[in-house]
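Report on one structure; see the data block that follows.
The values are calculated or read from the model by the stated rules, or taken from the named source; none is laboratory data. The structure presented is a predicted model; accordingly, all values stated were derived computationally and were not measured. When we count neighbours, we look across all protein chains shown, and the Cβ atoms used for this are built from the backbone with ideal geometry, even at glycine. Surface areas here come from the heavy atoms of the whole protein model, side chains and all, with no ligands, DNA or RNA. Shrake-Rupley method; radii C 1.70, N 1.55, O 1.52, S 1.80 Å.
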Amino acid sequence: MRKNLDAFMNKPGTKIVILTLTNSCNLQCTYCYEHNKETESMKLETALKIVEHEMTVDDGSDFVCLYYFGGEPFLEFETIKKIHSYMHSHTWSKGWFGFSTTNGTLVHGEIQDWLRENASSMEVYVSLDGSREMHNRNRSGSFDQIDVEFFRDEYPFAKMTVTEATLPNLAAGVISLHEMGFEVSANLGYGIKWTEECPEILAEQLQCLIEYYLEHPDIKPATILNLAIMDMEPGSQTPKRFCGVGPYMKSYDVDGQAYPCHAFAPLCIGKDLAEEAKKLDFSCPLDPKNLDEKCQNCPVVGVCPTCYGINFGACGNVYHINDDHCRMMKVQFLANALFKYEQYQRGMLTLSPEEEYRLLRNIKAVQELAD
């Protein structure tokens, strides 16, 4: 099954509008970056004013991806239904599509029926952190509260976060999700402290995954082994930002206040820093001088997974990347480069001569980074 959202997200002129419908959640996950949960929820009137504005404003966008966000967004299922109905009841000059990420514990009965009825305009991604044991360790023992079969049948796209506690079982966890029938989006948790032993453990786990995917070429590799090696621009004087934060992304808090993305909202970084975040300007090209010294000449800087909001919340600097995270990412990029090279050597990649040159050039740059 192909994710509709991917096609929409990659269209020029697409804007991402994030509605934080609630600050509440019914779980207490170990790695959650939302440190300021309260019982506040967005009023329906506020949400409708926001979507009407975003669907009609002349800002250069022609398509809106509407992200129902939380906390746990399905705590506000009635609001989601009414917003979605409002979207369908109007003829807009812009296209639109809705999506959400959920812990899955509330998606039963009526909610499942509604999602099936709205499959043409809505997608949902469930957080599953590997095997039952791994998931329960990270996510409040919630595995058996999730209708895994529903998500496998309707939305077989699992979001897996790796923590220090589950890192030794990373490969087994990803493989278990594949065996359940899921495509896997796996990432290292942001804002997590990694011990000195973690890079070696990560390298071992990624090597196990590489061997698995080489033996099962029909399975789409998890995102942890699908970094954008081809998009690297070693030596570029104007590196790209990793994520889409900028003029075509806007996040609204429960009170209707707008922020660059949800990671800059009070829910994540507190009210004082969130106010400072409103002054950030992501409309201009990234100035390499604003990067950490360790990043300024790094060949992977434009494609290196980082969260600018979490960086800002941790130290007040969007581009400061924790040294622990940097060490882990070097291991991940080296594993990705080795995987791509193996696929290339085995004829598993179909490349033009230009693409072949870019791939080999970028693999060499990653290997030099690891040295």
Q.
So for segment 52-60 (the condition being within 24 Å of Gln257 (Cβ to Cβ), part of a strand (DSSP E or B) and of a type outside the set (A, V, I, L, M)), does at least one residue qualify?
A. no
Q: Of the numbered conditions (1) surrounded by 19 or more Cβ atoms within 10 Å (Cβ to Cβ); (2) modelled with pLDDT under 95, Phe333 fails exactly one; give the number of that condition.
A: (2)
Q. Does segment 241-261 hold any residues that are within 17 Å of the chain's Cα centre (by Cα) and either open to solvent by less than 30 Å² (accessible area, probe 1.4 Å) or over 30 Å from Arg346 (Cα atoms) (or both), and which are they?
A. Arg241, Cys243, Gly244, Val245, Gly246, Tyr248, Met249, Lys250, Ser251, Pro260, Cys261
Q. Has segment 341-359 got at least one residue that is assigned to a helix (DSSP H, G or I), open to solvent by less than 50 Å² (accessible area, probe 1.4 Å) and within 27 Å of Glu164 (Cα to Cα)?
A. no
(Q) Within segment 229-249, does at least one residue satisfy the condition of being farther than 24 Å from Lys330 by Cα, modelled with pLDDT under 95 and not in a loop (DSSP other than H, G, I, E, B)? (A) yes
(Q) Being touching a helix residue (DSSP H, G or I) at 6+ places or on another chain (Cβ under 8 Å), within 20 Å of Cys25 (Cβ to Cβ), open to solvent by 20 Å² or more (accessible area, probe 1.4 Å) and not in a strand (DSSP E or B) is true for just one of Leu106, Leu115. Which residue is that? (A) Leu106
Q: Answer yes or no as to whether Cys298 is at pLDDT below 95 and over 23 Å from Phe339 (Cα atoms).
A: no
Q. Can you spot a residue in segment 80-96 that is open to solvent by 30 Å² or more (accessible area, probe 1.4 Å) and in contact with a strand residue (DSSP E or B) (Cβ under 6 Å, 6 or more places away or on another chain)?
A. yes
Q) When Asn138 is evaluated against the numbered criteria (1) open to solvent by 10 Å² or more (accessible area, probe 1.4 Å); (2) in contact (Cβ under 8 Å) with a residue 60 or more places away in the chain, which criterion, by number, is the only one it fails? A) (1)
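Conditions (1) part of a loop (DSSP other than H, G, I, E, B); (2) within 25 Å of His135 (Cβ to Cβ), marked per residue:
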site: Phe8; (1), (2): no, no
site: Lys11; (1), (2): yes, no
site: Asn26; (1), (2): yes, yes
site: Thr91; (1), (2): yes, no
site: Ala119; (1), (2): yes, no
